[in-house]
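The values are calculated or read from the model by the stated rules, or taken from the named source; none is laboratory data. Quick caveat: nothing in here was measured; it's all calculated off a predicted structure. Here Cβ is always computed from backbone atoms with ideal geometry, including for glycine, and neighbour counts include all displayed protein chains.
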Amino acid sequence: MRMVAATLLAIVLFVLPATAAAADPPKLDARAWILIDPRDGAVLASKSPDKRLPIASTTKLMTAYLALKQLKPNQRIAAPAYRPSNPAEITLGLEPGERMRVRDLLYGLLLPSASDAAETLADGVAGSVPAFVTRMNQAAQRLGLTDTHYANPIGLDDPDNSPEIWEREAALLASLRTEFTALGGIGGVELAPPQSAAEWTEARLAQIRLDIAP
């Protein structure tokens, strides 16, 4: 949960207007943060901007970015078999072969942070998770994320997953929000924690989409 909160904090800080920057940097309860003007990339304020931090769910921003680049929002793709490796993982409860719209999978990926949504999108984009991870690392290099390496589309700990990420790179990943315009006002959604995976059904995700539609 702390890493999810840190990721959201990075996004919020990035999208703040330049007028939010005061003469004295704000005091935030975070080990590291950076405030960037999205218009020109200028650093307005920061705390330990070169500190290395766990990559965790920041990974899902790259997963969503590639899915939006390669798939159509209303395209339906089949879920592969997925078994959580950690009891704390959140899933949509997708059954193998179950088909769901890309748009709804993206909501499942970015709102409850569902692992099976991430793997389904990865499989839909590249045909397999390993092939998708290769694309993730290629995209990272193109975007200038030279100190970031991915091993899975979820952000789970892995010996090959970059265990830490420069705060500046986290901010750059957060800047990919401009690619998420097809998802409407997803950044303003507030959700109560689900009582079970069954709550994240396609109907539930469709209702969320209606709630935030402009």
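For segment 126-145, the candidate set comprises residues that are assigned to a loop (DSSP other than H, G, I, E, B) and in contact (Cβ under 8 Å) with a residue 12 or more places away in the chain; within that set, the residue that is farthest from the chain's Cα centre (by Cα) is Gly144.
Every residue, every condition in (1) surrounded by fewer than 22 Cβ atoms within 10 Å (Cβ to Cβ); (2) among the hydrophobic types (A, V, I, L, M, F, W, C); (3) modelled with pLDDT under 85, yes or no:
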residue: Ser115; (1), (2), (3): no, no, no
residue: Glu119; (1), (2), (3): no, no, no
residue: Asn137; (1), (2), (3): yes, no, no
residue: Arg142; (1), (2), (3): yes, no, no
residue: Asp160; (1), (2), (3): yes, no, yes
residue: Arg168; (1), (2), (3): yes, no, yes
residue: Ser175; (1), (2), (3): yes, no, yes
residue: Thr178; (1), (2), (3): yes, no, yes
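Here Ser113 does not fit the description of being in contact with a Leu (Cβ under 9 Å, 6 or more places away or on another chain), small (Gly, Ala, Ser) and part of a loop (DSSP other than H, G, I, E, B). Taking residues in segment 73-84 that are aromatic (Phe, Trp, Tyr) and surrounded by 14 or more Cβ atoms within 10 Å (Cβ to Cβ), and partners anywhere that are modelled with pLDDT under 95 and assigned to a strand (DSSP E or B), not one pair has Cβ atoms closer than 6 Å while being at least 6 places apart or on different chains.
Using the structure shown, decide if Thr58 is assigned to a helix (DSSP H, G or I), over 23 Å from Glu169 (Cβ atoms) and polar (S, T, N, Q). Against the criterion (assigned to a helix (DSSP H, G or I), over 23 Å from Glu169 (Cβ atoms) and polar (S, T, N, Q)), Thr58 does not qualify.
May I ask you to list the residues in segment 85-110 that are crowded, with 16+ Cβ neighbours inside 10 Å and outside any loop (DSSP other than H, G, I, E, B)? Scanning segment 85-110 gives Met100, Arg101, Val102, Arg103, Asp104, Leu105, Leu106, Tyr107, Gly108, Leu109, Leu110. Just one of the numbered conditions (1) farther than 17 Å from Leu61 by Cβ; (2) part of a loop (DSSP other than H, G, I, E, B) is not true of Asp123; which one? So Asp123 meets the others, but not (2).
If you filter segment 47-72 down to residues that are of a type outside the set (S, T, N, Q) and within 17 Å of Arg142 (Cα to Cα), you find that the one that is surrounded by the most Cβ atoms within 10 Å (Cβ to Cβ) is Ala67. Scoring Leu28 on the criteria (1) more than 14 Å from Ala114 (Cα to Cα); (2) within 18 Å of the chain's Cα centre (by Cα) leaves a single failure, condition (2).
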